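Colleague: Please see the structure below; I have some questions.
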């Protein structure tokens, strides 16, 4: 069989596994969010479905599937249905270039843990997909033909494109240091030298900017203006019901996972083990080493997810003019300067 | 060369497959008890007035324009950033001038109030 068929088979199997993983992570996020917010507010949180309420998110999704799918009479039917599809599909498609562990050698075939983490356009693909993600929300707001939806959609898209600039610029610092757009290269560059090569130490300013923009891109508190309940009901998803609403919901939590994963990969050393692999007696390319890498990576991601939720229940929402000021007047010039300084540093220290 | 990008296409197909599957499932499995009241536009329980296809603040348009201007600059920076190690100081000064011109435009828009939000 030609090589291309194998590539397609391998990619399809990985893709299905990753899709399942994303749904599970979204479910986990919902559960964590509800439990942690309950503890933050001195409540118990979901505790009826399954042990400690762990099956609650699955029950919610099944319920949403069975709920009536209401499409308003005045809505643009086609785009009203397309918008959630676009949101969810793009949130899934980003994972084409994201690795979650090193690699496994089976025979003479090296299998990377990720669909195409070695691809030379990785970072650009992620940025392109985040840009397309804006369309889902804008379309949802416009096609509903509802004033709240329209305002929510507009706010959300304006916010996302404003912060996308700083996000793209902060990532240039990492590209400068690594000299590659492939996510595998970015992580491998941080693996050497145990800890102190993590990009968070080389790019502290870039890290803070990326963290802030990650919150804004995922529309999470303190930047959750698109769905500021007291003023806009539900924002862009006011007119959605049933699983179409559920798709926005899933996409939002999938994006939260993606952001945490990206922060770990770009700044926190990815799957770097705390001790060299040799001292653990794990062979390069073995399944055990890949599993250990995945475990370290997953723990870091969970800590970041907790941080996302923690911030939501600690910090009040921004006002819209404050949001725009922060994005355009503070983050944009700082990230531009950061790019120039990083470039100088890379040239002089190499 | 094109084979390298096949996994991306596979993932896009799978992603959109899942998206459309979910949409179709929600339309097939969902209850159907439609009434006129359900299908009206939601406006906090009031009878909807007018349409949402109305004019909205010019500010959103300004933000979108500024975004396009600056985003194109960012796109220019990516190939530069990848190759800076091999290109050396010349490339740095070229980009320095580029960013300088960008900053002139930025301060012009700043002073003109393009980033003000009232």
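Just so you know, all these numbers are worked out from the coordinates, no wet-lab data involved. The structure displayed is predicted, hence computed values, not measured ones. All Cβ positions, even for glycine, are placed from backbone atoms using ideal geometry, and neighbour counts span all protein chains on display.
Colleague: Based on the Cβ-Cβ distance from residue A:66 to residue A:320, what FRET efficiency comes out when R0 is 35 Å, to the nearest 0.05?
Modeller: 0.40
Colleague: Let me ask something else about it. Round to the nearest 0.05 the FRET efficiency obtained for residue A:330 and residue A:196 when R0 = 30 Å and r is the Cβ-Cβ distance.
Modeller: For residue A:330 and residue A:196, the calculated efficiency is 0.55.
Colleague: Give me the compactness ratio for the range B:56-118, meaning the Cα radius of gyration over 2.2 N^0.38 Å.
Modeller: Output field value: 1.40.
Colleague: Which part of the range B:1-18 falls in the paramagnetic zone of residue A:3, meaning amide N under 19 Å from the point 7 Å along Cα-to-beta-carbon?
Modeller: B:1-10
Colleague: What value, in deg cm²/dmol to 500, does the helix sum -39500 (n - 2.57) over DSSP H runs of n ≥ 4 give at 222 nm once divided by the residues of the protein assembly as shown?
Modeller: -22500 deg cm²/dmol
Colleague: Give me the angle, in degrees from 0 to 90, between the Cα long axis of helix A:332-349 and the longest principal axis of the Cα atoms of chain A, rounded to the nearest 10.
Modeller: Rounded to the nearest ten degrees, it is 0.
Colleague: Within a 10 angstrom radius of each residue's Cβ in A:145-157, how many Cβ atoms of other chains show up on average? Whole number is fine.
Modeller: The shielding value for this peptide is 4.
Colleague: Hey, another quick one. How tilted is helix B:6-29 with respect to the longest principal axis of chain B? Cα atoms for both, answer in degrees (0 to 90, nearest 10).
Modeller: 20 degrees
Colleague: Which percent of the Cα-Cα distances in the range A:92-164 go past 17 Å?
Modeller: 58 percent
Colleague: Could you give the nm distance between label points at residue A:16 and residue A:340, where each point is 7 Å from its Cα heading toward the beta carbon?
Modeller: For the pair residue A:16/residue A:340, the computed spacing is 5.3 nm.
Colleague: Further, regarding this structure: Place a point 7 Å from the Cα of residue B:31 along the Cα-to-Cβ direction; which residues of the range A:37-65 have their backbone N under 19 Å from it?
Modeller: A:59-65
Colleague: Could you tell me the distance between the Cα centroids of the range B:42-106 and the range A:273-299, to the nearest Å?
Modeller: Each part reduced to its Cα centre gives a spacing of 41 Å.
Colleague: Convex hull over the alpha-carbon atoms of the range A:207-322: what's its volume per residue in Å³?
Modeller: Hull volume normalised by residue count: 122 Å³.
Colleague: Once label points are set 7 Å from the Cα along Cα→Cβ at both residue A:24 and residue A:348, what is their separation, rounded to one decimal in nm?
Modeller: Each label point lies 7 Å from its Cα, and together they span 4.8 nm.
Colleague: Right, something else. Please arrange B:111, A:35 by how many other C-beta atoms lie within 10 Å of their C-beta, fewest to most.
Modeller: The order, fewest Cβ neighbours first, is B:111, A:35.
Colleague: Ok, one more. So what is the diffusion coefficient of the range A:20-106 in µm² per second by Stokes-Einstein at 10 °C and 1.306 mPa s, using a Kirkwood Rh over Cα pairs?
Modeller: 98 µm²/s
Colleague: Hey, how many Å between the Cα centroid of the range A:1-80 and the Cα centroid of the range A:172-227?
Modeller: 26 Å
Colleague: Right, here's the next one. Which whole number gives the average count of other chain Cβ atoms within 10 Å of the Cβ atoms across peptide A:327-335?
Modeller: Averaged over the peptide's residues, the number is 3.
Colleague: So for the pair residue B:61, residue A:287, with labels modelled 7 Å out along Cα→Cβ, what separation do we get in nm?
Modeller: 6.1 nm
Colleague: What number does the range B:1-63 give for Rg over Rh if you use C-alpha atoms and the Kirkwood radius?
Modeller: Rounded to two decimals, Rg/Rh equals 1.23.
Colleague: Where does each of A:137, A:13, B:47 land when they are ranked from fewest to most other beta-carbon atoms within 10 angstrom?
Modeller: B:47, A:13, A:137
Colleague: Could I ask something else about it? How far, in degrees from 0 to 90, does helix A:56-66 lean away from the longest principal axis of the Cα atoms of chain A, to the nearest 10?
Modeller: 50 degrees
Colleague: How much FRET efficiency would the formula 1/(1 + (r/R0)^6) give for residue A:55 and residue B:20, where r is the Cβ-Cβ distance and R0 is 25 Å, rounded to 0.05?
Modeller: 0.40
Colleague: With equal scatterers on the alpha carbons only and no solvent term, can you work out the Debye log10 of I(q)/I(0) for the protein assembly as shown at 0.06, 0.08, 0.11, 0.13 1/Å?
Modeller: Taken in order of the listed q values, log10 I(q)/I(0) reads -0.28, -0.50, -0.95, -1.31.
Colleague: Shifting gears a bit: Please compute the length gained on full extension between residue B:46 and residue B:9, using 0.36 nm multiplied by the number of residues separating them and subtracting their Cα-Cα distance.
Modeller: 8.7 nm
Colleague: By the gyration tensor of its Cα atoms, with a ≥ b ≥ c the square roots of the eigenvalues, what is the shape of chain B: rounded for a/c under 1.5, prolate for a/b over b/c, or oblate?
Modeller: Judged from the Cα gyration tensor, chain B comes out oblate (a/c at least 1.5, b/c at or above a/b).
Colleague: Related question: Quantify how strongly other chains surround peptide A:7-18 by giving the mean number of their Cβ atoms within 10 Å of each of its Cβ atoms.
Modeller: The mean count of partner-chain Cβ atoms within 10 Å per residue comes to 4.
Colleague: Ranked by Cβ crowding within 10 angstrom, fewest neighbours first, how are B:57, A:101 ordered?
Modeller: Sorted ascending by nearby Cβ count, the order is B:57, A:101.
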